[in-house]
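Single-structure report; data block below.
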Amino acid sequence: MKIFDSSLRDGSHAVKQQLFPEQIEAYCDAVDGSGLHTVIVGHGNGLGASSIQMGLSAMDEVDMVRVAHNHLKKTRLGTFVTVGFGTIEDHIKPAMACGTEVFCIATHCTESDTMRRHVQYVSRHGKEVYGVLMNCHLTSINSLVEQAKNIASYGGDGVILMDSAGTFIPDQISRIVEELCNHVDIDIGFHAHNNLSMAVANSYAAISSGASIIDGTVLGFGAGAGNCQLEALIALMEKNGIRTGIDLYRLMDAGKNVISGMMHYDRGIDGTCIISGYAGVVSTFRTKVEYIAKMKNVDPRDVFLALGERKAIAGQDDLILEVANHLAEHGKRYGGNHGKFGKI
């Protein structure tokens with residue numbers, strides 16, 4: 001079992017991409033040699049994503065990788081690249097030069113062909129490379145199998161399914177993972193989000209169904225409702241006889257001594273997190289949805305549900321204003337006493 005720790009990648013969403021060298025140093029020192037397979041470092045949306053739209057990083061993204069490498073002596077250093085943001089020349093090559101050993105190459109769940117060059121390049125250079133299929137709730141199991149086969153043919157070491165909106169339940173994950181394990185001869189992994197409080201349960205279901213990679217974070221530190229809390233999952237695995245080789249106390253201490261000081265907000269799952277998971281819309285839209293909803297005097301929950309009808313994905317921020325305008329003009333309501341909740 002390979003446990004990927006994305007606290008210094010997905011966690012950067014939670015602090016508006018404001019991760020600083022001393023935080024990266026402290027966290028890497030805290031978890032190095034704890035038994036984690038890889039610590040993933042970088043902008044929340046991957047190398048090359050720093051921008052006004054996606055959030056400006058507090059420091060150069062390749063420098064983030066370089067700082068982490070200097071403080072990881074026993075645990076592998078990994079990074080994340082979203083196709084369309086990160087490039088081979090400007091990001092993958094410099095990250096390799098900084099000592100990165102593991103690359104997660106991400107794209108929308110039906111567009112694995114767009115990662116072919118990235119995966120092939122990393123594979124040829126002898127580094128571990130995994131294809132990440134984002135928003136995997138937006139396509140069929142058969143389609144995911146075909147995407148995974150593509151990734152395997154490019155030389156990928158595995159495929160990681162990303163529940164970007166935190167909308168799955170365990171039975172769904174079990175069926176998907178079982179099907180992929182039956183048809184693809186590479187590692188199958190899962191990255192959960194916790195919008196419906198199912199991240200640990202879904203991750204455990206993935207493991208029970210054959211997944212050999214779990215990508216999560218300490219304290220669930222991540223976008224929106226957060227991710228699968230690694231300490232809770234590892235404790236659950238050990239309790240049920242699945243030996244991880246991970247020093248659970250080390251992760252707990254890293255959460256208490258480093259991550260907790262970075263979390264300047266309540267980690268509870270509020271209504272907005274729940275509704276984004278219900279609608280199947282990434283919770284990174286939250287700030288803009290709340291701002292535009294207030295400006296247009298509409299309910300942000302209705303905006304999320306309308307975005308769910310449109311099958312909106314990260315990057316389609318223009319849809320937020322469009323659906324808010326439509327709601328304001330037509331007075332459409334989904335919840336409470338105004339309509340049948342859940343008709344999306």
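Brief remarks follow.
- Neighbours by Cβ (under 7 Å, 6+ apart or cross-chain): first from the range 86-113, closer than 22 Å to S51 by Cβ; second in a helix (DSSP H, G or I) and open to solvent by 60 Å² or more (accessible area, probe 1.4 Å): I88/R117; C98/R66; C98/H69
- Residues considered: S203, S174, S260. Of these, the only one that is in a helix (DSSP H, G or I) and within 14 Å of the chain's Cα centre (by Cα) is S203.
- The selection criterion, being open to solvent by 10 Å² or more (accessible area, probe 1.4 Å) and out of contact with any Pro (no Cβ under 9 Å at 6 or more places or on another chain), does not hold for D10.
- Taking residues in the range 15-38 that are closer than 17 Å to D253 by Cβ, and partners anywhere that are open to solvent by less than 40 Å² (accessible area, probe 1.4 Å) and of a type in the set (K, R), not one pair has Cβ atoms closer than 6 Å while being at least 6 places apart or on different chains.
- Of the helices (runs of 4 or more DSSP H) lying entirely inside the range 56-124, those carrying at least 2 residues that are out of contact with any Lys or Arg (no Cβ under 9 Å at 6 or more places or on another chain), at pLDDT below 95 and more than 21 Å from I313 (Cα to Cα) are 61-69.
- Test: residue in the range 111-126 that is in contact with a Cys (Cβ under 9 Å, 6 or more places away or on another chain) and either more than 22 Å from H69 (Cα to Cα) or open to solvent by 10 Å² or more (accessible area, probe 1.4 Å) (or both): no
The values are calculated or read from the model by the stated rules, or taken from the named source; none is laboratory data. As the structure is a prediction and not an experimental result, all values here were calculated from the model. Positions of Cβ are generated from backbone atoms using ideal geometry, with glycine treated the same way; all protein chains shown enter the neighbour counts. Note: areas computed on protein heavy atoms with side chains; ligands, DNA, RNA excluded. Shrake-Rupley method; radii C 1.70, N 1.55, O 1.52, S 1.80 Å.
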